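Only the coordinates and a few stated rules stand behind these numbers; no lab work does. This is a predicted model, so every value here is computed, not measured. All Cβ positions, glycine included, derive from the backbone under ideal geometry; neighbour counts span all protein chains shown.
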Amino acid sequence: MIRFENVTKVYKNGTVAVRNLSLDIQKGEFVFIVGPSGSGKTTCIRMLLREELPDRGRIWVAGREIIQLPKWRVPYLRRNVGCVFQDFRLLPNKTVFQNVAFALEVIGRPKSVVETQVPQVLELVGLAKKRDNLPGELSGGEQQRVAIARAFVNRPLILLADEPTGNLDPGTSQGIMRLLDRINRTGTTVVIATHDAALVDWMRRRVVELDQGMIVRDQARGVYGIDANTGPVPRTEVVARRSS
Amino acid sequence: MPLSADYIIRETTTNLWRNRLMTIAAVLTVAVSLALVGAALLLKQGAANAEVDWQRGIQVTVWMKPSASASEISAIRSELAQLPYVHGCTFWSQLRDYHEASKLLPPSEFSALTPSSTPSSIRCTPNQPQYATAIYDRFVHQPGVYGVGSPNSAIHAMEETITILQWVFVSVALVLLLSAGVLILNTIRMAIFARRREVSVMKLVGATNWFIRLPFMSEGLIQGLVGSAVAAAVVLGLHELLDSLANPNQPGSVLSQMRLTGWQLVGTDVVVVVIGVLIGSVGSAIAIRRFLDV
């Protein structure tokens with residue numbers, strides 16, 4: 001579903017964000033990308049959305065090589081990739097319903113689709129009763145649920161989340177993780193960039209750790225830091241576990 | 001992708017309403033500048049219409065000296081009659097010219113005139129207005145001729161005044177059109193800035209570039225269109241006003257001679273609207289190119 005092949009990204013100021021990175025994520029996986037600030041997590045997410053282009057290497061998303069993708073095709077790529085951010089990015093003057101509906105309207109979906117899909121997804125994220133509230137009237141957790149609803153309403157193949165719980169308390173963050181897990185169970189591939197150690201440890205899903213733009217660990221059912229009991233799991237073992 | 005007309009209309013209306021002060025300024029500037037362009041066009045066409053009228057009735061008068069002998073007069077008359085480009089000539093005796101002078105000249109000047117000191121004249125109509133000069137050149141130095149008068153110079157002076165007026169109108173209009181374009185550009189730029197969050201969400205969820213651009217494009221287009229519609233109405237009003245001032249009992253008056261046909265008026269309004277739409281489109285296209293990062 002997602003494949004990085006020897007990807008290197010150097011910013012104009014000379015900072016190497018990603019260094020010769022290769023990574024495979026299969027359809028339906030739930031993956032945490034962890035690492036300290038500046039380790040290249042956000043750059044990876046931005047490259048998957050084609051907001052950034054790598055300097056070297058190739059990237060495939062949903063079976064399509066996206067580096068060569070002509071600029072006019074990029075919006076169509078993004079329809080297959082939902083994305084959630086730390087700051088929610090909701091439109092403050094639109095209601096919950098309108099915020100989610102907006103994502104369908106601007107890609108030209110007919111009204112009938114909007115009227116059936118939006119209530120369904122609001123039900124999924126547990127906000128059916130708050131459909132007419134403005135984002136300012138919601139808690140942080142609820143706002144992030146709206147953002148997830150907006151990212152998922154078009155049923156994308158992949159859901160990316162960049163520090164989705166960065167602004168939330170631990171209890172609320174767990175609720176968001178449960179929601180992302182539910183979405184993952186529908187078959188959507190979920191990739192989360194985070195440095196929320198407690199959540200990663202709690203979820204016990206695949207963990208890819210980056211440091212200075214390189215993968216230093218790729219572990220199935222991993223934790224945030226190196227697992228004291230098992231130690232780092234070699235990549236070959238990860239692949240073997242996944243295929244079993 | 002089917003572009004939802006409903007969405008574009010809604011977004012454009014919201015944008016225009018949010019930015020209403022700038023929108024009004026832009027629309028008014030477009031209207032004033034295009035009204036000037038329209039007025040210049042009316043003037044140009046009116047002058048062309050009047051010129052045809054003026055030149056159709058052009059008459060050349062060969063004034064004979066009061067002392068001119070009968071043989072000199074008849075020589076000039078026969079020479080004029082033989083010219084192929086002269087339509088016809090009438091001889092006005094001294095007495096007849098004296099009577100005409102009594103009507104045209106102020107009493108103080110007329111009192112100095114007697115029938116015997118009044119020149120007689122031969123009044124001719126050339127086939128084409130441009131032969132007036134040929135007649136002038138041929139007869140002005142002939143024996144017994146006092147002078148040759150033609151209204152050509154008066155027409156030229158009038159045409160020159162109208163041309164200068166037109167250029168003044170067009171220059172002022174050009175400056176105003178430029179500022180109208182810049183105002184539209186700035187309005188769109190502000191709209192883009194006001195909606196930057198929405199634009200970033202639209203990009204995120206995969207709206208196509210044209211879908212993002214269209215509401216801004218149509219906003220500029222509407223500003224140009226409304227401004228030019230106001231200008232077109234002003235042009236119509238101006239024409240009506242001048243038309244009502246032209247006295248139908250005096251078909252020879254300048255305003256009556258300048259009267260435009262219905263098609264000329266429609267043509268002027270079409271030009272005004274097309275320029276308005278162009279200004280709106282170009283202004284918003286530049287704003288989108290420079291300030292909308294899609």
Scaled to the compact-protein estimate 2.2 N^0.38 Å, what is the alpha-carbon radius of gyration of segment B:49-113, rounded to two decimal places?
1.40
Distance in nm between label sites at A:Arg185 and B:Glu79, each 7 Å beyond Cα in the beta-carbon direction?
11.8 nm
At most 14 other C-beta atoms within 10 Å and a DSSP loop state: those are the exposed trypsin sites (Lys or Arg not before Pro) I care about. Give me the longest piece of chain A that has none.
A:28-203
What residues qualify as long-range amide H neighbours of B:Val145, i.e. H under 5 Å apart, gap of 5 or more or another chain, H built at 1.01 Å from N?
B:Lys65
Relative contact order (%) - chain B, alpha-carbon pairs under 8 angstrom, separation at least six
33 percent
Chain A - mean residue ellipticity at 222 nm from DSSP helices (-39,500 (n - 2.57) per run, n ≥ 4, rounded to 500):
-10000 deg cm²/dmol
Averaging over all projection directions, find the projected area of the Cα convex hull of chain B and quote it in nm² with one decimal place.
22.3 nm²
Convex hull projection area averaged over all views, segment B:59-150, Cα basis, nm²
5.7 nm²
Need one value for A:71-79: mean number of C-beta atoms belonging to other chains within 10 Å of its residues' C-beta atoms.
4
Among A:Thr188, B:Thr14, A:Thr42, what is the fewest-to-most ranking by other Cβ atoms within 10 Å?
B:Thr14, A:Thr42, A:Thr188
Cross-link candidates for A:Lys41: which lysines have Cα within less than 17 Å, leaving aside residues fewer than 8 places away along the same chain?
A:Lys9
Starting from the 7 Å offset along Cα-to-Cβ, what nm value, one decimal, do you get for the label separation of B:Thr114 and A:Glu51?
10.6 nm
Can you sort A:Cys83, A:Cys44, B:Cys89 so the residue with the fewest Cβ neighbours within 10 Å comes first?
B:Cys89, A:Cys83, A:Cys44
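Considering only Cα-Cα distances, which of the following residue pairs are longer than 20 Å: A:Lys129/B:Lys203; A:Lys71/B:Lys203; A:Lys71/A:Lys111?
Values: A:Lys129/B:Lys203 28 Å; A:Lys71/B:Lys203 12 Å; A:Lys71/A:Lys111 28 Å.
Table pairs above 20 Å Cα-Cα are A:Lys129/B:Lys203; A:Lys71/A:Lys111.
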Expressed as a whole number, the average count of other chain Cβ atoms within 10 Å around the Cβ atoms of A:99-109 is 5
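Nearest 0.05, what FRET efficiency do B:Leu245 and B:Arg138 give at R0 = 35 Å with Cβ-Cβ as r?
So the FRET efficiency works out to roughly 0.25.
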With springs connecting C-alpha atoms under 10 Å apart, model chain A as a Gaussian network and identify which of A:Leu180, A:Leu122, A:Leu91 has the largest mean-square fluctuation.
A:Leu91
For the protein assembly as shown, what is the convex hull volume of its Cα atoms per residue in Å³?
227 Å³
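Per residue of chain B, what 222 nm ellipticity follows from adding -39500 (n - 2.57) for every DSSP H run with n ≥ 4, rounded to the nearest 500?
-24500 deg cm²/dmol
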